[in-house]
Amino acid sequence: MNNMAGTRPAASPGKAGVPDASRPLDTGAVTKRLQQELMSLMAGGGDGVSAFPAGDSLFDWVGTISGAEGTAYEGCTFRLSLKFTSEYPFKPPTVRFETACFHPNVDTYGNICLDILKDKWSAAYSVKTILQSIQSLLADPNVDSPLNVHAAKLWGVNDAEYRALVQKTYNQPRAS
Amino acid sequence: MAAAAAAWLSFADASGAALAAAGGSAATARLPGDLAGAVDGITAHGLAPLVPAQLLSAAVAALRARVARLQAALGPVAAALEAAAAGEGGEDEEDGEQGAAALPEELEDALAEALREACEGVEAATQLLSLLCERVLCSQPTLSAADRAALLAAGPRFRRDAAAALVDAQPGGHSWAALLYRYYWLKLRQLSEAAAAAEGEDEAMAEDGEPGSSSLPHPGWGARLRDVAAYLRALGLEAVSEEAFAAVVCRHLREHLEERTHRAFDERILGPALRYSASTPLAFLRLVLPQGTDGAAALAAWRARLSYYVYEAVGGLRIADMFDIVVDWPDSLPAVEDIRDCLQNTSLHRRFVAAFRKSLTDRLLRPGAATADIIAQYVSTIKALAACDPSGAILGAVSGPIRAYLRGRRDTIRCIVTSLTADEEDAAAQSLLAELDNTEAAAEDYDSDFEGGEADALALKEAERWEPDPVDADPSRASSAAAAGDVISRLVGIYGSKELFINEYRSMLADRLLSKGDYECDRELRTLELLKVRFGEGNLHNAEVMLKDLADSKRINANVKSVPNTATPLRRRRHLVDINALQATIVSHLFWPQLPAEEFNLPSEVSAMLSTYAAKYRSLKAPRKLQWRPWLGTVSLDLAIGDQMLEFNVSPFHASVLMHFQSRPEWPAAELAERMGVAPDALRRKIVFWINQGVLSESRVAGQQLVYRRNEQLQTGPAVAQEQEGMELEGGAADKHAEMAAYEPFIMGMLTNFDALPLDRVHNMLKMFASDPPYDKSLEQLGAYMGRLVADEKLSLEGGTYRKR
């Protein structure tokens, strides 16, 4: 949708890993890569983000982000779904909020507007960096291209109401 | 009509008198004149069809009188035999060697005479009957076919009736069977005693197996027996007689064997028993069986029967003792060979398996039996059964319960590995080590990289050795697999995989190597080489590195000590202390099993030595550094207490505790524990060692805390129980949890992303996604570990699902 330089992870990779379209699919390699990411995620520990394969397949993950301290999202724990394709890591996974989240760049269906999940994707990103990016997006939204206009308008203007709406949305059961 | 009646009456009288008298004198070849006339008289009146019935009833009446006479004559004989049997039965218990109660010769003669008389009587009556009937037939040729047949059959029919009447007779109030049994038993005992006496004089006779007439008790002895047997046959009592002497011979053999076995397993009893069965009992049978070709055939049949009986009896005796035979292995090899031959010649397999299994379960597989003993017995069983049943089918059937039981014991692997790696003094271990050396069978199992031709040759060799399974082998078990294994692979196979075995070997090896004061590990190297042949080099790579570490340590140790202080970094030089008392074992920790962790503070003198050593090592081997594991290893202490010098080899912890008492004679427990950096109760567990040695003492003054005090004189006080066992168990559990701890991030990660999960789901997800280290734990192990996490308040358990706290 738009550039969101502020939400990039610290170690921004180059474009070396852009996919070659003619490359044959190799789910074995994808599985191996996802397995490794799981290992490093488990070994590396939290920092407020976590993820684990949802069920029988390594291509379907559940992620968890806790709201950073000092933000309106403090104390909230957001559940996300990550769906990988066999072209991963050359194509980004589809990431959605499963917990309702009141945020300028998240719509009511949980879709996220984040550049690194779209055109700024790089094969060097990982599950962990994705989740960390989303975590920092919570603290630092891009109000210039909102999916949730109401949130974008309140952001930085009426902090109290923004916080109240974040909590209200967080606590309401998800509609769909 | 009156004439006919008169003729009939005169015939009846004459024939009845003749039949009653028959046998008294010599049998006649032709009819007396008066009888012939009487016969002619009745035939003239057409009374011939009535003759057979009349004659038979007259003959049976005469026979009855004769049987009564026989019974009366045998009365004293039966009484004497009964008395002999009773006397023998009473005394046999106390004194088996006493001579058989003798049957007086005149009584035996009376028996023979009575039998002979009865025999002749029956014979003569039969003959007379036949002559009469013949005469009737001759004088009246116009009889109907049925009447002729009845007349012809009268003789044989009488013989049958006579036999039946005799069998029913009860000589002297006893059945024939009892009488003859006792008679034969007496005779056989006399014979065997005579044979034993003769054997004493002439050893060579027993070798022949054919005792000559010289071994008979006295001349005429055999003749009487033979006569009695022959008369019995003639009287139609053959079946009763045979039954009696068969029973006698079998009993005799059985008693003979029982007398000889006496649970001695170091010599064979089968051969002598077979020889014996071919001597005395056969000589006896030769007398009681008919002579001539019939007799020879019967004797041959009896010879086979006797040897089968011996096989079965010896087999039965040995089988009953199989457990003890295995205990005595290899001294009991002769007994095992007996069993082998018995099994080959009989079908005792099933009984053998059942009996041996039962004795194993009853006597061996009990909680009270030490695992090492069970393993030793299992090894002996394997070897003994290999000797007595090369097909391995019995072993397969018998070893099942042992293996299942050993699988249930926690220390099985440890015991096996210990006996493989134990010191040379241990004889049992030696035998296992020798098995390890016996690599003939092993190579086939694990090193399958033969060239094609070689493999073919091997298969051919294998095929030549093939033998069909015994019919009662369990078909569900592959016999080739059972036969292929030798002792070691069977032991290793208890657990179905060699990985467990190798891991246990590694940790045992680690223990041994770390507790070594010197760096000598020739013996371990030897064991390792043998194990490599068996399990393949790759599997034992780690162990090899471990041994190499030891060798390297020796060299490095010497090098480090020769590094001058000036060569080490300057800023540390003033801390440098003498390190000659220190010997380090430098391990490549990746290749060693996980070493137990046990943190405590070393005394400053020792840590100074360690850091000096480390500094010199660093100057020598930079960029490598040493990471000390001070709780491993041993300390050799020379302790002076009062005027006594004591030497100890103790753990570093024990030595460190004692060092603190160098500076102060007494320490409050809490303070010492703090100084050592351990919990007070952990300290006490260790310090008990010194208290038991009389080096330290503990005292608790009322209201004050526990104080440990240095003894100035060695004290021998009441021993305080050391909680070694408990410590080890605790350590084992801690190890397990340490292994499980690798999966804790996964468990936490799962529960972070899923609100609540049941145990089996966690188990399955770990199986699916945990790859380094691969998840290989059981649901129970996971449950135990999750329980611990719950106890540690990291998780909560509600309604069967786990949650993160």
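The values are calculated or read from the model by the stated rules, or taken from the named source; none is laboratory data. Remember, it's a predicted structure, so these values are computed and weren't measured experimentally. Positions of Cβ are backbone-derived with ideal geometry, glycine not excepted, and every protein chain shown enters the neighbour counts. To get the accessible areas, we keep the full protein, side chains included, count just its heavy atoms, and leave off ligands, DNA and RNA. Shrake-Rupley method; radii C 1.70, N 1.55, O 1.52, S 1.80 Å.
Conditions (1) at pLDDT below 50; (2) within 30 Å of B:Thr346 (Cα to Cα), marked per residue:
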| site | (1), (2) |
| --- | --- |
| B:Gly452 | yes, no |
| B:Pro468 | no, yes |
| B:Val492 | no, no |
| B:Glu529 | no, no |
| B:Val533 | no, no |
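When region B:706-728 is limited to residues that are closer than 16 Å to B:Pro665 by Cα and part of a loop (DSSP other than H, G, I, E, B), the one that is modelled with the lowest pLDDT turns out to be B:Gln715. Kindly establish whether B:Asp772 is under 30 Å from A:Gly55 (Cβ atoms), surrounded by 12 or more Cβ atoms within 10 Å (Cβ to Cβ) and at pLDDT below 80. Yes: the conditions hold for B:Asp772.
Does region B:138-154 hold any residues that are open to solvent by less than 50 Å² (accessible area, probe 1.4 Å) and farther than 15 Å from B:Phe11 by Cβ, and which are they? B:Leu143, B:Asp147, B:Ala150, B:Ala153 - these are the residues of region B:138-154 that are open to solvent by less than 50 Å² (accessible area, probe 1.4 Å) and farther than 15 Å from B:Phe11 by Cβ. Among the residues of region B:230-288, those identified as open to solvent by less than 10 Å² (accessible area, probe 1.4 Å), under 17 Å from B:Leu115 (Cβ atoms) and assigned to a helix (DSSP H, G or I) are B:Leu232, B:Ser241, B:Ala244, B:Phe245, B:Val288. A:Lys128 satisfies every condition listed in (1) more than 14 Å from the chain's Cα centre (by Cα); (2) open to solvent by 20 Å² or more (accessible area, probe 1.4 Å) except (1).
Note down all Cβ pairs under 7 Å where the first residue falls in region B:738-755 and is assigned by TED's automatic domain parsing to the domain that holds B:Glu793, the second is basic (Lys, Arg), and they're at least six residues apart or on different chains. Every condition considered, the pairs that remain are B:Met740/B:Lys777; B:Met748/B:Lys804; B:Leu751/B:Arg803; B:Leu751/B:Lys804; B:Thr752/B:Lys804; B:Asp755/B:Arg803. Looking only at region A:131-146, filter to residues that are surrounded by fewer than 18 Cβ atoms within 10 Å (Cβ to Cβ) and outside any helix (DSSP H, G or I); which one of those is farthest from the chain's Cα centre (by Cα)? Only one residue tops the list, namely A:Asp144.
Taken over region B:320-329, the criterion of being assigned to a helix (DSSP H, G or I) and either open to solvent by 10 Å² or more (accessible area, probe 1.4 Å) or assigned by TED's automatic domain parsing to the domain that holds B:Cys250 (or both) is satisfied by B:Ala320, B:Phe323, B:Asp324, B:Val327, B:Asp328.
Out of B:Tyr519, B:Tyr505, one residue alone is of a type outside the set (Asp, Glu) and not in a helix (DSSP H, G or I). It is B:Tyr519.
In the set B:Ala59, B:Ala22, which member is open to solvent by less than 20 Å² (accessible area, probe 1.4 Å), assigned by TED's automatic domain parsing to the domain that holds B:Phe158 and modelled with pLDDT under 70?
Values: B:Ala59 fails: modelled with pLDDT under 70.
The conditions single out B:Ala22.
Of all the residues in region B:330-365, those that are in a helix (DSSP H, G or I), open to solvent by 20 Å² or more (accessible area, probe 1.4 Å) and more than 25 Å from B:Ala404 (Cβ to Cβ) number 7. Selection over region B:368-388 of residues that are without any contact (Cβ under 8 Å) to a residue 60 or more places away in the chain, more than 17 Å from B:Arg414 (Cβ to Cβ) and open to solvent by 10 Å² or more (accessible area, probe 1.4 Å) gives a count of 5. Condition check for A:Thr64 on (1) within 14 Å of chain B (Cβ to nearest Cβ); (2) among the β-branched types (Val, Ile, Thr); (3) in a loop (DSSP other than H, G, I, E, B): one failure, at (3).
Yes/no per residue for (1) more than 14 Å from every other protein chain (Cβ to nearest Cβ); (2) in a strand (DSSP E or B); (3) within 24 Å of A:Gln36 (Cα to Cα):
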{"site": "B:Glu739", "(1), (2), (3)": "yes, no, yes"}
{"site": "B:Met748", "(1), (2), (3)": "no, no, yes"}
{"site": "B:Lys767", "(1), (2), (3)": "no, no, yes"}
{"site": "B:Lys777", "(1), (2), (3)": "yes, no, yes"}
{"site": "B:Leu782", "(1), (2), (3)": "yes, no, yes"}
{"site": "B:Arg788", "(1), (2), (3)": "yes, no, no"}
{"site": "B:Ser796", "(1), (2), (3)": "yes, yes, no"}
{"site": "B:Arg803", "(1), (2), (3)": "no, yes, no"}
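Among the residues making up region B:62-91, those that are surrounded by fewer than 15 Cβ atoms within 10 Å (Cβ to Cβ), at pLDDT 70 or above and more than 30 Å from B:Asp147 (Cβ to Cβ) are B:Ala68, B:Arg69, B:Ala72, B:Ala79, B:Ala83. Scanning region B:753-765 for residues that are facing chain A (nearest Cβ under 8 Å) and touching a Gly at 6+ places or on another chain (Cβ under 8 Å) yields one hit, B:Asn753. Within region A:33-43, the residues that satisfy the criterion of being at the interface with chain B (Cβ under 9 Å from one of its Cβ atoms) and either open to solvent by less than 20 Å² (accessible area, probe 1.4 Å) or in contact (Cβ under 8 Å) with a residue 24 or more places away in the chain (or both) are A:Leu38, A:Leu41, A:Met42. Restricting attention to region A:67-83, does a residue exist that is more than 14 Å from every other protein chain (Cβ to nearest Cβ) and modelled with pLDDT of 90 or more? Taking every residue of region A:67-83 in turn, at least one turns out to be more than 14 Å from every other protein chain (Cβ to nearest Cβ) and modelled with pLDDT of 90 or more.
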